[in-house]
Amino acid sequence: MSQPFPDTPLYPQLLELIRLNCGLTFGDDRRETVCRAVQERMTQRGIPAPESYYALLRREGEELQALVELLTVNETYFFREPDHLNLLVDTLLPELLNTHDPSQPLSLLSAGCSTGEEAYTLAMLLAERQGVPRPFPFTITGIDIDSHAVAAARNGVYGKPSFRAMDPRMKERWFETAGHGAFRVRDSLRQQVRFEVANLLTAPNTELLPPPAIILYRNVSIYFPQEVQLRIFRQLADLLQEGGVLLVGASETLAHDVGILPLLERQGLFYFAKRPAVGIGDRRSTKRILSPPPPNVTSPPTAVPPTERRQPAPASRHPRMAVPVDTDPRRTFDNALVLARTQRDDEALALLGDLIERNGTFLKAHGLKACLLLNNSRYDEARTAAEAMLELDPLCREACLLLGIIARHRGDNDEGFRRFREALYIDPDCWLAHFYTAEILFNRQERKRALGSYEAALRLLHNDTLQDPGQAFFPLAFNVPQFISICRHKLSLLQENG
Ligand SMILES: C[S@@+](CC[C@H](N)C(=O)[O-])C[C@H]1O[C@@H](n2cnc3c(N)ncnc32)[C@H](O)[C@@H]1O
């Protein structure tokens, strides 16, 4: 009798084939799932030998597609993460419509739409706010790699779990009974949404898919390794219209905040936009986590999310000010800090350069320099600055964290992991190191270890250790509640999939 596929040396090759085809990766905790799917396909095709089945997968794209379809996670429901959807239809969309050519429908895309609940939710919200004029001024498209999910989406018939977050009055308005406890989307709504089978990993067919003004790409990237996440995000960013908005799931934001699109914030919610000018009016609530201003300087105006600042700031934004060189290193550092907080990174870096030249052992000056360079995507220089910190103090927790974050931005998760572990050796209570360790474990699909690390981060975040001035200069993209909500969300995903 043949060995089960996962016990053969072909198993890693099979996983690689799947990853190359659709981006999905499977850790040891999902070995069973892969095993079941492979067995089902081998039985269906009447192929008992793993070697023959693997050869078939390599030969026949359709077979690989059939296997992938057994491995996708299609979990979805109407009105999932509704805060972002409300922000979209109530605030961002009206702004987009102001600048949109009214003779053209505005295009929305649900990327990784699964069985269609997200795309129909958009259609319902738009119809509720705008009515259903003919012609409907929007095109809503859902795409997914899974042809069965797409067929179900086109069919538009749903059972109870899909309605778990939906107001029953909405259900009444937009659905009719379909027997056996199921409900069908009413035709008037169904006609407004179309669904296509498409692989996000391959370049989008722009004939099928007009450039969208809004992309929802939520709860899809969590199943991809980091390099796939970035590749797909870049493609979606290219596809997005100028001025358009791209939403990812709350827990996915951090991983995509890598400078491809600026991250903006409205009403405490984060979203990516193709042009920094979109919706910058209301970002006051985002605070960069920095130490309180030193007593001898006035507080700078609004702090801007550092994520936005990773796009190099246009030189004209702030007139260059001659910053007096102070002979007191502490005061020079404080001045650099004020400049950094007001987005005058070049001036802050110049001041720090002077300071370090005169006083090379000023650890915090190296730290602020590394953060600013990191914020500006100058990774090599940021690493040199962080390494200088380690030379000054081999047990510098902040240097390890910075080196870990820089490694992540460069896509080197192994190095990142090593650095975050070092930070934890130095300080086992460092929530940021626990958090990033958890993110890497999550991406590696090491479920149990990821759970433990998110739990540790959450516990420490609740203890409010952020006040610790040692973490004062980190280029954190999120405020504490945001980190807490990401940890909670990831924990619930890990528990759901357990
Ligand atoms: C968990 S569902 C998310 C559904 C919906 N976006 C939501 O937030 O509720 C993830 C979907 O991503 C799809 N998917 C995974 N890899 C894909 C790929 N390479 N191209 C297109 N869709 C993919 C899966 O088939 C699955 O239906």
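In the set Ser162, Ser188, only one residue is of a type in the set (Gly, Ala, Ser) and more than 16 Å from Thr76 (Cβ to Cβ); that residue is Ser188. Those helices (runs of 4 or more DSSP H) of region 362-474 in which at least 3 residues are modelled with pLDDT of 90 or more and over 30 Å from Gln495 (Cβ atoms), considering only elements entirely within it, cover 363-375, 379-392, 397-409.
Mind listing just one residue for me: the one in region 103-118 that is touching a Leu at 6+ places or on another chain (Cβ under 8 Å) and at pLDDT 95 or above and, of those, farthest from the ligand (Cβ to nearest atom)? Explain how you work it out, then say what you get.
Of all residues in region 103-118, those touching a Leu at 6+ places or on another chain (Cβ under 8 Å) come to 106, 108-112, 118.
Narrowing further to those that are at pLDDT 95 or above: 108-112, 118.
Working: Leu108: 13, Leu109: 11, Ser110: 6, Ala111: 7, Gly112: 3, Glu118: 5 Å.
Per the stated criteria, the residue is Leu108.
Of all the criteria given as (1) surrounded by 13 or more Cβ atoms within 10 Å (Cβ to Cβ); (2) in contact with a Pro (Cβ under 9 Å, 6 or more places away or on another chain), the one not satisfied by Pro102 is (1).
Yes/no matrix, rows are residues, columns are (1) in the same structural domain as Ser162 (by TED's automatic domain parsing); (2) closer than 18 Å to Asn219 by Cβ; (3) surrounded by 20 or more Cβ atoms within 10 Å (Cβ to Cβ):
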| residue | (1), (2), (3) |
| --- | --- |
| Leu17 | no, no, no |
| Gly23 | no, yes, yes |
| Gln44 | no, no, no |
| Ile47 | no, no, no |
| Glu51 | no, no, no |
| Leu57 | no, no, yes |
| Ala66 | no, no, no |
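Among residues belonging to region 88-102 that are under 22 Å from the mean Cα position of the chain (by Cα) and away from the ligand (no atom under 15 Å from the Cβ), point out the one that is farthest from Ser485 (Cα to Cα). Ranking the candidates gives Leu93 first. So is Ile222 away from the ligand (no atom under 16 Å from the Cβ) and assigned by TED's automatic domain parsing to the domain that holds Leu92 or not? No.
Considering only residues of region 219-231 that are at negative phi and assigned to a loop (DSSP other than H, G, I, E, B), which is surrounded by the fewest Cβ atoms within 10 Å (Cβ to Cβ)? Please lay out each step first, then the result.
Pass one, region 219-231, residues at negative phi: 220-231.
With the extra rule that they be assigned to a loop (DSSP other than H, G, I, E, B), the set shrinks to 220, 224-225.
Working: Val220: 24, Phe224: 23, Pro225: 17.
Filtering first and then ranking leaves Pro225.
Residues to consider are Ala153, Ala178; find the one that is away from the ligand (no atom under 16 Å from the Cβ), in contact with a strand residue (DSSP E or B) (Cβ under 6 Å, 6 or more places away or on another chain) and modelled with pLDDT of 90 or more. Unique residue meeting the criteria: Ala178. Taking the numbered list (1) more than 15 Å from the ligand (Cβ to nearest atom); (2) surrounded by fewer than 19 Cβ atoms within 10 Å (Cβ to Cβ); (3) not in a helix (DSSP H, G or I) in turn, Asp238 passes all entries but (3).
The values are calculated or read from the model by the stated rules, or taken from the named source; none is laboratory data. Note that this is a predicted model, so its numbers are computed, not measured. A quick note on method: Cβ atoms are made from the backbone with ideal geometry, for glycine too, and the neighbour counts reach across all protein chains shown.
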